[in-house]
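Everything on this sheet refers to the single structure shown next.
Read-outs throughout are calculated quantities, based only on the coordinates presented, and are distinct from any laboratory measurement. Every value quoted in this text rests on a predicted model; they were computed, and no experiment measured them. When we count neighbours, we look across all protein chains shown, and the Cβ atoms used for this are built from the backbone with ideal geometry, even at glycine.
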Amino acid sequence: MKMIRIMVSGLMAALTGCATVKPPPTVPKVDLPRFMGDWYVVAGILTPFEKDIYHAIETYTLDEEGNIPTTYTFRKGSFDGPKKTMTNKAFVHDKETFAEWRIQFIWPFRFPYLVIYLDEDYQSTAVATDDKKYLWIMSRTPRMNPAHYDEIIAMVGELGFDTNKIISVPQPES
């Protein structure tokens, strides 16, 4: 009985802690067909499985039901390291802005995935989880203009992300 109370207390504390984090605002609108395609992950507050990754690319496609099958590829440890591929599916959660999705890695669990920055030319973006624990800064090309990158870092800092946790993801020269 004592173990159950401890587990329930821990669960309540975790849920209460999550409730205190205000989700970052999303962009006003995402044109889904324009957003589809390859995005180079140039930096972020990455998940544990993304430790020591190189040449990371997130690829979005739009299926006939309006869902977004996603493929994430990267090299582990170096540019010559083993290639890893992960697939999942995103579901549009906010059908007015198309800027809030739910990503499903394992059925039936879906996790919030928010488009919090998107330039007008659809050449750079930042997506994040609603608890600000994870963030991905991405570009259509392997390299992002340093001044533009700094602007995105400043913007996510103003939104409450811990910019000290942002790490660069090495991308090839071409």
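Residue separation of Lys133 and Asp119 scaled by 0.36 nm, minus their Cα-Cα distance, works out to 2.8 nm of gained length. For the stretch 66-141, the set of GluC sites (Glu not before Pro) satisfying both a DSSP loop assignment and a count of at most 14 other C-beta atoms within 10 Å is given as Glu96, Glu120. Using only alpha carbons, the stretch 34-164 has a radius of gyration to Kirkwood radius ratio (Rg to Rh) of 0.94. Partner lysines whose Cα lies under 19 Å from the Cα of Lys132, excluding those fewer than 8 positions away in the same chain, are identified as Lys22, Lys51, Lys165.
Peptides 160-166, 129-135, 149-155 ranked from most to least packed, by the mean per-residue count of other Cβ atoms within 10 Å: 129-135, 149-155, 160-166. Using all pairs of distinct alpha-carbon atoms, the Kirkwood hydrodynamic radius of the stretch 32-87 works out to 12.2 angstrom.
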